[in-house]
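K.L.:
A single structure is presented below for examination.
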Amino acid sequence: MVFTPEQPLNAAAFGLGDALPRAVPVDAVVALVTQVVSGQLVQKLVLFAIVFASGLGAALLVPTDKTGVRVVAAVAYSWNAYVAERLFIGHWTLLLGYAALPWVAKAGLKMRDGAPRAWTGLVLASLPAVVSAPGGILALGTALATAGRRKAWQVVAIGVVLNAPWWVPSLLHNGLSDPAGVEAFSARGENWGGPVLSVLGLGGIWNAEVVPASRANPMLPVITVLLLGAAVLGLRALSKRMPVWPLAGLGVLGAVLALVAVLPGGVPVLEALIEHVPGAGLLRDSQKWVAWLALPFAIGLAVAVERLRARLLMAVLLLGLLPDLAWGGFGRLEPVDYPPDWAAVREKLVDRPGDVAVFPLSAFRRFEWNDRRTQLDPAPRYLPGTTVVDDSLSVGGRIVAGEDRGRRGCAAAI
Amino acid sequence: MGLVSFLVAVVAGAALAGGVGAVVVAQNHPDKVVEQRQEQGQKAAEPEVLDYGSR
């Protein structure tokens, strides 16, 4: 997770560079905000908002007068494998979208009820999500599922406009990705339950290095099935109070999308899509779409324990199932200061013409000052102007080519 | 009785979280790997392209 004191406001931040606009418009938003406050503060606010807003949103979404039920919903939604794994890999923009989903669902339900000017609530709730393409799509899906068919066209119109900052610049590129990424970034089994039960337990991210050790708990597949069963029973009870089945259907869709690459015949289909259909690269690392399952799971589970006297035990169980998320993953997440050299190089480059190239060309670095952890190269977000980067990715030594091939060849020639 | 059992459950949960967490830290803390490498006097060969992650 890379934040810098003051991120440069360049064409790439708006998706107008040579590379596929992946971090758009979030780079522009962060660049603008860090002109006023330090990136360090922005990062802390974002991380606090992710945990706080996701829990509070899920709690408020449950129609109940029992605080304990709301606590269970909050814990189930904000303390799970999805949050842990995406936090550890550094996908904070995706988690910002995840945190917005309960609020989007509330706004969608208000639209369904025909509340006056409910669309303004939907716009406001969607704003944190639309800073990234996956977040924007997650929010749009949630809004469609909650607002109902009669309001679908309004929701789609709002979604298309709010997501324009990333899909409009995408039109400048061919939008095709390397099909090798399908297998490299497919869902992964974290225990004997395999990828299916790992994903249904909201985990299953492709990268084994960011998976909390507790996900190897041999009891987890059984507990996952029991918790999902309880959540379905809870949704049945909840369906008498609010329209939850479209949200549950969306959750099933999310799980299916997350698992496509590990289902029989899934890989060739996805490879063909990604190779020939612009934008289908969004289906790469498809485990991210299981975020849609988290919300119906959390509110369903909360309502399932509504009649129990010791309902808070469920919250304790959920916390106990993932103890290694606590205290920033017990040392996995900690703030690191840039050495003074970085500021010195930045000073030297200010007002110099041309782009910056950092060798060896690699999107990832390991520095002594960050305990040699693999991290995203901070140079494009630290140094002024535009920094040439190689956007190819290596997964276990296997290279997944980036989309900016012309630029990579140019940089290699230098 | 309900309150007592709730408190017991909270304490037990916290103890479980702390215990498992401590084990996790001891085994998997990123610094630990670096320390071990330094103790063994090993210097890792730097690949040209670093892994984003591994499966």
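The values are calculated or read from the model by the stated rules, or taken from the named source; none is laboratory data. Given the structure is predicted, the values throughout are model-derived calculations rather than measurements. Glycine also receives a Cβ, built like all others from the backbone with ideal geometry; neighbour counts cover every protein chain displayed. Calculation scope for accessible area: heavy atoms of the full protein, side chains included, ligands and nucleic acids excluded. Shrake-Rupley method; radii C 1.70, N 1.55, O 1.52, S 1.80 Å.
K.L.:
To the nearest 20 debye, what charge dipole does the protein assembly as shown have about its Cα centre, counting +1 at the Cβ of each Lys and Arg and -1 at the Cβ of each Asp and Glu?
P.N.:
Charge dipole of the protein assembly as shown: 2020 debye, to the nearest 20.
K.L.:
While we're on this one: Can you give me the distance in nm between label points at A:Leu32 and A:Phe52, each placed 7 Å from the Cα along the Cα-to-Cβ direction?
P.N.:
Distance between label points: 2.2 nm.
K.L.:
Another question, if that's okay. Give me, ordered by chain and number, the residues 5 or more places off A:Phe185 or on other chains with an amide H under 5 Å from its own placed amide H.
P.N.:
Excluding prolines and chain starts, which carry no amide H, the hits are A:Asp285.
K.L.:
At R0 = 35 Å, how high is the FRET efficiency between A:Glu209 and A:Ala115 if r is their beta carbon distance? Nearest 0.05 is fine.
P.N.:
0.15
K.L.:
Another question about this same structure. Can you classify the range A:298-414 as rounded, prolate or oblate using the Cα gyration tensor, where a ≥ b ≥ c are the square roots of its eigenvalues, rounded means a/c under 1.5, and otherwise it's prolate if a/b beats b/c and oblate if not?
P.N.:
Taking the square roots of the gyration eigenvalues as a ≥ b ≥ c, the range A:298-414 is prolate.
K.L.:
Using a 1.4 angstrom probe on the protein heavy atoms only, could you order A:Thr34, A:Thr120 from most to least accessible area?
P.N.:
Per-residue accessible area, sorted high to low, gives A:Thr120, A:Thr34.
K.L.:
Further question: Find, among the chymotrypsin sites (Phe, Trp or Tyr not before Pro) in the range A:179-222, those assigned to loop by DSSP (not H, G, I, E, B) with at most 16 other beta-carbon atoms within 10 angstrom.
P.N.:
Listed in order of number, the matching sites are A:Trp192.
K.L.:
Classify the range A:278-334 as rounded, prolate or oblate, taking a ≥ b ≥ c as the square roots of the eigenvalues of its Cα gyration tensor: rounded when a/c is under 1.5, otherwise prolate if a/b is larger than b/c and oblate if not.
P.N.:
Verdict is oblate for the range A:278-334.
K.L.:
Gain in length, A:Met219 to A:Val160, computed as 0.36 nm per residue apart minus the alpha-carbon separation, to one decimal in nm?
P.N.:
16.9 nm
K.L.:
Please name whichever of A:Gly331, A:Phe367, A:Ala100 sits farthest to the positive end of the charge dipole of the protein assembly as shown, dipole taken about the Cα centre and charges placed at Cβ: Lys and Arg +1, Asp and Glu -1.
P.N.:
A:Ala100
K.L.:
Ok, one more. Less than 12 Å Cβ to Cβ from A:Gly396, Lys/Arg counted +1 and Asp/Glu -1: what total charge do the surrounding residues give?
P.N.:
It works out to a net charge of 0.
K.L.:
Suppose R0 equals 60 Å; then what is the FRET efficiency for A:Thr67 and A:Asn174 from their Cβ-Cβ distance, rounded to the nearest 0.05?
P.N.:
0.70
K.L.:
Here is a further query. If you roll a 1.4 Å probe over the heavy atoms of the protein chains, what accessible area per residue do you get for the range A:43-331, in Å²?
P.N.:
Here the residues of the range A:43-331 average 40 Å² of exposed surface.
K.L.:
Ordered by residue, what ³J(HN,Hα) values in Hz, to whole numbers, does the range A:84-98 give under the Karplus form 6.51 cos²θ - 1.76 cosθ + 1.60, where θ = phi - 60° and Gly and Pro are x?
P.N.:
Working through the residues one at a time gives 4, 5, 6, 5, 5, 7, x, 7, 6, 5, 5, 5, 5, x, 4 Hz.
K.L.:
Here is a follow-up. What FRET efficiency do you get for A:Ala272 and A:Arg309 if R0 is 60 Å and r is their Cβ-Cβ distance, rounded to the nearest 0.05?
P.N.:
E between A:Ala272 and A:Arg309, to the nearest 0.05, is 0.65.
K.L.:
Further question: Which length gain, in nm to one decimal place, applies between A:Lys240 and A:Asp341 when the Cα-Cα distance is subtracted from 0.36 nm times their residue separation?
P.N.:
30.2 nm
K.L.:
Specify the residue with the greatest mean-square fluctuation among A:Pro21, A:Pro195, A:Pro243, computed from a Gaussian network of chain A linking alpha-carbon atoms under 10 Å apart.
P.N.:
Taking springs between Cα atoms under 10 Å, the residue moving most is A:Pro243.
K.L.:
If you don't mind, there's one more thing I want to ask. Mind checking which aspartates and glutamates have their C-alpha under 12 Å from A:Lys66, skipping anything on the same chain fewer than 8 residues away?
P.N.:
Reachable aspartates and glutamates: A:Glu306.
K.L.:
With a cut-off of 16 Å, note down the residues of the range A:202-229 whose backbone N falls inside the zone around a label point 7 Å from the Cα of A:Arg398 toward its beta carbon.
P.N.:
Counting only backbone N, you get A:205-209.
K.L.:
Given a 1.4 Å probe and heavy atoms of the protein chains only, how would you sort A:Lys66, A:Lys240, largest accessible area at the top?
P.N.:
A:Lys240, A:Lys66
K.L.:
Would you kindly state how much longer the chain becomes between A:Trp153 and A:Leu60 on full extension, computed as 0.36 nm times their sequence separation minus their alpha carbon distance, in nm to one decimal?
P.N.:
Gain on extension, A:Trp153 to A:Leu60, equals 30.8 nm.
K.L.:
Related question: Among A:Ala139, A:Thr224, A:Ala73, which residue has its Cα positioned farthest towards the positive end of the charge dipole of chain A, with +1 placed on the Cβ of Lys and Arg, -1 on the Cβ of Asp and Glu, and the dipole taken about the Cα centre?
P.N.:
Working it through, the farthest residue towards the positive pole turns out to be A:Ala73.
K.L.:
Which percent of the accessible heavy-atom area of the range A:43-331 goes to carbon and sulfur, probe 1.4 angstrom?
P.N.:
Answer for the range A:43-331: carbon and sulfur cover 70 percent of the accessible area.
K.L.:
Continuing with this model, one more query. Is the C-alpha gyration tensor of the range A:43-331 telling us rounded, prolate or oblate? Criteria: a/c under 1.5 is rounded; beyond that, a/b larger than b/c is prolate, otherwise oblate.
P.N.:
Oblate is the answer for the range A:43-331, as a/c is 1.5 or above yet b/c matches or exceeds a/b.
K.L.:
I would also like to ask the following. Tell me what the protein assembly as shown gives for mean residue ellipticity at 222 nm when only DSSP H runs of n ≥ 4 count, each as -39,500 (n - 2.57), the sum divided by the residue total, rounded to 500 deg cm²/dmol.
P.N.:
Calculated mean residue ellipticity at 222 nm is -17000 deg cm²/dmol.
K.L.:
Looking only at other chains, what is the average number of their beta-carbon atoms within 10 angstrom of each beta-carbon in A:316-328?
P.N.:
That works out to 5 on average.
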